[in-house]
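The values are calculated or read from the model by the stated rules, or taken from the named source; none is laboratory data. Because the structure is a prediction, the values reported are computed rather than measured. Note: ideal-geometry Cβ built from the backbone for every residue, glycine included; neighbour counts use all protein chains shown.
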Amino acid sequence: MTDENGKITIPGFYDDVVEVSLEERNRMAQAPFDVDTYKEALGIRELDGEVGYSTSERTGIRPSFDVCGIWGGYTGEGAKTVLPSKAFAKISSRLVPNQDHRKIAEMFKNHFEAIAPASVQVEVRSLHGGQGYVCPIDMPEYQAAEQAYEKVFSRKPVPVRSGGSIPIISTFEDILGVKSILMGFGLESDAIHSPNENYPLEQFFTGIEAIPYFYERYVALKK
């Protein structure tokens, strides 16, 4: 499903992917990132992914192909030599703006069925999908948020793209025809969605302080 350069081999998979400008990639690269700390946190020795992109870019501006679960055959205690009659896998793709999840799901189904050997039967079912979303960094709303952050943190923020998924944001854009601004105040150490998820009160109160500045700057920029 991927080649020696880490690219996904599904025909047409990248057709609708918008290349991020070098200027924006350079701005994103200003965000602090320590490779050794990152590898240590994940418990791995080497990083892997699409050639030509940094680790941050691979998780933010490029789509992915992930095997989230795989099972089949005898998994109980001890050995057994009976060959399994069935095997299963859960597949997920993180998409980027302009990629349509329905189109990608159909591409995957067609490709997976085409490469399967004649000795096996393959069934592919689509379970769920959502569209990608990005907030342009040249719109007044983003600039207002940027100025609000700089006001309360005394530091200009670096635009980043996250591999997370909030599908309703793209729904707002599709149905209402409006862009959304996502203003986060969490830290990398918050361990979001984990058993020890946490959130510093200092960030909470600073966030409260930043929101009025955002509205103030937004009104000024729209005049």
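What to note about this one:
- Of all residues making up segment 1-32, the number that are loosely packed, with under 14 Cβ neighbours inside 10 Å and within 26 Å of residue 157 (Cβ to Cβ): 10
- Residue 89 meets all of the listed conditions (1) on the phi < 0 side of the Ramachandran plot; (2) of a type in the set (Gly, Ala, Ser); (3) in a loop (DSSP other than H, G, I, E, B) but one, namely (3).
- For segment 146-191, a residue qualifies if it is within 17 Å of residue 97 (Cα to Cα), part of a helix (DSSP H, G or I) and either small (Gly, Ala, Ser) or touching a Lys or Arg at 6+ places or on another chain (Cβ under 7 Å) (or both), and the qualifying residues are 170, 173.
- In summary, residue 126 fulfils each of the numbered conditions (1) closer than 21 Å to residue 14 by Cα; (2) outside any loop (DSSP other than H, G, I, E, B); (3) polar (S, T, N, Q) with the single exception of condition (2).
- One residue from 162, 119, 126, 93 being of a type in the set (Gly, Ala, Ser), within 30 Å of residue 218 (Cβ to Cβ) and at pLDDT below 95: 162
- For residue 125, the test of being within 30 Å of residue 103 (Cβ to Cβ), basic (Lys, Arg) and crowded, with 16+ Cβ neighbours inside 10 Å is failed.
- Among (1) loosely packed, with under 11 Cβ neighbours inside 10 Å; (2) of a type in the set (D, E, K, R); (3) in contact (Cβ under 8 Å) with a residue 40 or more places away in the chain - the single one residue 46 does not satisfy: (3)
- Selection count where residues are surrounded by 12 or more Cβ atoms within 10 Å (Cβ to Cβ), in a loop (DSSP other than H, G, I, E, B) and on the phi < 0 side of the Ramachandran plot, scope segment 49-65: 8
- Of residues in segment 66-97 being within 17 Å of residue 164 (Cβ to Cβ) and among the charged types (D, E, K, R), the one surrounded by the most Cβ atoms within 10 Å (Cβ to Cβ): 94
- Total residues in segment 192-217, condition of a type outside the set (Phe, Trp, Tyr), in a loop (DSSP other than H, G, I, E, B) and either in contact with a strand residue (DSSP E or B) (Cβ under 7 Å, 6 or more places away or on another chain) or closer than 28 Å to residue 130 by Cβ (or both): 7
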